[in-house]
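**Q** Quick one: the structure is below, and I'll ask about it shortly.
The values are calculated or read from the model by the stated rules, or taken from the named source; none is laboratory data. Here the structure is a predicted model, which is why all the values come from computation and not from measurement. With ideal geometry, Cβ positions are generated from the backbone for all residues, glycine too; neighbour counts draw on all protein chains shown. Just so you know, the surface numbers come from the protein's heavy atoms only, side chains and all, with ligands and any DNA or RNA stripped out. Shrake-Rupley method; radii C 1.70, N 1.55, O 1.52, S 1.80 Å.
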Amino acid sequence: MANHNGQTTDLREAFLGVYSVLKSELLNDPAFEWTDASREWVERMLDYNVPGGKLNRGLSVIDSYKLLKEGKDLTEEEVFLASALGWCIEWLQAYFLVLDDIMDNSHTRRGQPCWFRVPKVGMIAVNDGIILRNHIPRILKKHFRNKPYYVDLVDLFNEVEFQTASGQMIDLITTIEGEKDLSKYSLPLHRRIVQYKTAYYSFYLPVACALLMAGENLDNHVNVKDVLIDMGIYFQVQDDYLDCFGEPEKIGKIGTDIEDFKCSWLVVQALEHCNEEQKKILFEHYGKPDPADVAKIKALYNEINLQSIFTDYESKSYEKLNSSIESHPSKAVQAVLKSFLGKIYKRQK
């Protein structure tokens, strides 16, 4: 592997190639009588929603599997199967995002209009979300039904989907319009939302897929799950931080957590560190769309020095995660976890 970078580009190319194969299988799925119009609709919907992101979750299935094989070259079949599982995660992500954007009444996603805002799509997007979700078991059935770990895979995807939808529910009921009450926000609530809404499907799921492919029993890897959940929480705290303090040109979006009354790590920290005077400002101006209100909250964040509270949190989390990883008996599993941590530590976007 002299040319590590070449290898990475090859894997990405191979990964995108697998998308085309899976798409064409789905567009010719014998369980449905396709017409030209329905095939065109689904193809356009898939191309718009599935492959557009950074593809981190999908690619990390291949990366993780490769590390679990401890440097042995992967066969073509292994690359294909790991890619197919990676795409199942990207499909899951697309399904969540299409519906999430409708719930949040969002305008843009990945630098283009949300799918439901595309002309002629509108609420058909709800059914498109359901179709995306239904593609996952089709892919699993076609390519994995003869594998000894097939039932575990189906189980894993069902479990993680349930956890993610439940996390989304806690998030939504916490921010019900007209019931804006900051005193409900706390660190344990923030942790719960993030753990269920983000950490399971973004961090645990890709590694769990790789472990199953490598013939591992997930019940023997509860500690791996715990480390990945902690990593997912750390990742979201970074996200919350960048939403306010990141540079829009680096993070690719303009943060709106303050206006949206989000249960962000920053506001939870502010609640803990503010004096009574500052708390009044927080309660009065948080969650208001007016730029003047937002500016007051940002000024307050600077006053209580949230940036150094975050820097402190970041280095402590990193140390804690690192020592959890190093106590793992398997060097291969350590390598997987370290590669995840390396990708997110001190990220700027």
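**Q** With springs only between Cα atoms under 10 Å, which of Phe235, Phe283, Phe32 fluctuates most in a Gaussian network model of the chain?
**A** Phe32
**Q** In nm, to one decimal, how far is the Arg138 label point from the Thr35 one, both placed 7 Å along Cα→Cβ?
**A** 1.7 nm
**Q** Next question, about the same structure. Per residue of the stretch 59-69, what does 6.51 cos²θ - 1.76 cosθ + 1.60 with θ = phi - 60° give for ³J(HN,Hα)? Whole Hz please, x for Gly and Pro, Karplus curve as stated.
**A** Rounded to whole hertz, the list is 5, 6, 5, 5, 3, 5, 4, 4, 5, 5, 7.
**Q** Can you give me the accessible area per residue for the chain, using a 1.4 Å probe, in Å²? The partial results should precede the final answer.
**A** Working: 17500 Å² over 349 residues.
Solvent-accessible surface per residue comes out at 50 Å².
**Q** Given labels modelled 7 Å from the Cα in the Cβ direction, how far is it in nm from Val118 to Val222?
**A** According to this spin-label approximation, the distance is 4.4 nm.
**Q** For the chain, take the longest principal axis of its alpha carbons; what is the angle in degrees between that and the long axis of helix 306-326, to the nearest 10 within 0 to 90?
**A** Between helix and principal axis, roughly 40 degrees.
**Q** Here is a further query. Taking amide H positions as placed 1.01 Å from N in the peptide plane, with prolines and chain starts having none, which residues 5 or more places from Arg109, or on another chain, fall under 5 Å of its amide H?
**A** Here Cys114 satisfy the definition.
**Q** Using Cα positions and a limit of under 13 Å, work out the aspartates and glutamates in reach of Lys316, with same-chain residues fewer than 8 apart set aside.
**A** Asp230
**Q** Based on the Kirkwood radius over alpha-carbon pairs, what is the Stokes-Einstein translational diffusion coefficient of the stretch 148-348 at 4 °C with 1.567 mPa s viscosity, in µm²/s? Numbers along the way, then the final one.
**A** Details: Rh = 18.3 Å.
Diffusion coefficient, whole number: 71 µm²/s.
**Q** Can you give the angle from 0 to 90° between the axis of helix 276-285 and the longest principal axis of the chain, with both taken from C-alpha atoms, to the nearest 10?
**A** 60 degrees
**Q** Report the per residue volume, in Å³, of the convex hull enclosing the C-alpha atoms of the stretch 7-146.
**A** On the way: hull volume 16.0 nm³, N = 140.
Once divided by residue count, the hull of the stretch 7-146 is 115 Å³.
**Q** Now for a separate question. Treating cross-link reach as a plain straight distance, find the lysines whose alpha-carbon is under 20 Å from the alpha-carbon of Lys288, omitting any fewer than eight places away in the same chain.
**A** Those lysines meeting the cut-off are Lys180, Lys184, Lys253, Lys262, Lys279, Lys280, Lys296, Lys298.
**Q** What nm value, rounded to one decimal, do you get for the distance between Glu326 and Phe245 when each label is placed 7 Å out toward the C-beta?
**A** Between Glu326 and Phe245, the label points sit 2.6 nm apart.
**Q** Let me ask something else. So what's the back-of-envelope 222 nm ellipticity for the chain, counting only DSSP H runs of four-plus at -39500 (n - 2.57) apiece and dividing by all residues, rounded to 500? Mind showing how you got there, number by number?
**A** Details: 15 runs with 237 residues, N = 349.
About -22500 deg cm²/dmol.
**Q** Further, regarding this structure: Under the definition of Cα pairs under 8 Å and six or more residues apart, what whole-number percent is the relative contact order of the chain? If you can, show how the numbers build up before the last one.
**A** Working: 334 pairs, mean separation 56.4, N = 349.
Reported as a whole number, the value is 16 percent.
**Q** With θ set to phi - 60°, apply the Karplus curve 6.51 cos²θ - 1.76 cosθ + 1.60 along the stretch 11-19 and write out the HN-Hα couplings as whole Hz, x wherever there is a Gly or Pro.
**A** Rounded to whole hertz, the list is 4, 5, 4, 4, 4, 5, x, 5, 4.
**Q** Could you run the Karplus curve 6.51 cos²θ - 1.76 cosθ + 1.60 with θ = phi - 60° over the stretch 217-232 and give me ³J(HN,Hα) per residue in whole Hz, x for Gly and Pro?
**A** Result, rounded to whole Hz: 9, 5, 4, 7, 10, 4, 5, 5, 4, 4, 5, 5, 5, 4, 5, x.
**Q** Can you give me the three principal axis dimensions of the stretch 258-349 from its C-alpha atoms, in Å, biggest first?
**A** Reported extents, whole Å, longest axis first: 51, 24, 18.
**Q** Something else now. Report in % the part of the accessible area of the chain that belongs to carbon and sulfur, leaving out ligands and nucleic acids; probe 1.4 Å. Display every interim value, and only then the final one.
**A** Numbers: 9160 of 17500 Å².
For the chain, the apolar C and S fraction of the accessible surface comes to 52 percent.
**Q** So if R0 is 30 Å, what FRET efficiency would Glu259 and Glu314 give, r being the distance between their Cβ atoms, rounded to the nearest 0.05?
**A** Computed FRET efficiency for Glu259 and Glu314: 0.75.
**Q** In the set (1) 20.7; (2) 25.8; (3) 21.7, which value of Kirkwood radius over Cα pairs in Å was calculated from the structure you see?
**A** The value computed from this structure is option (3).
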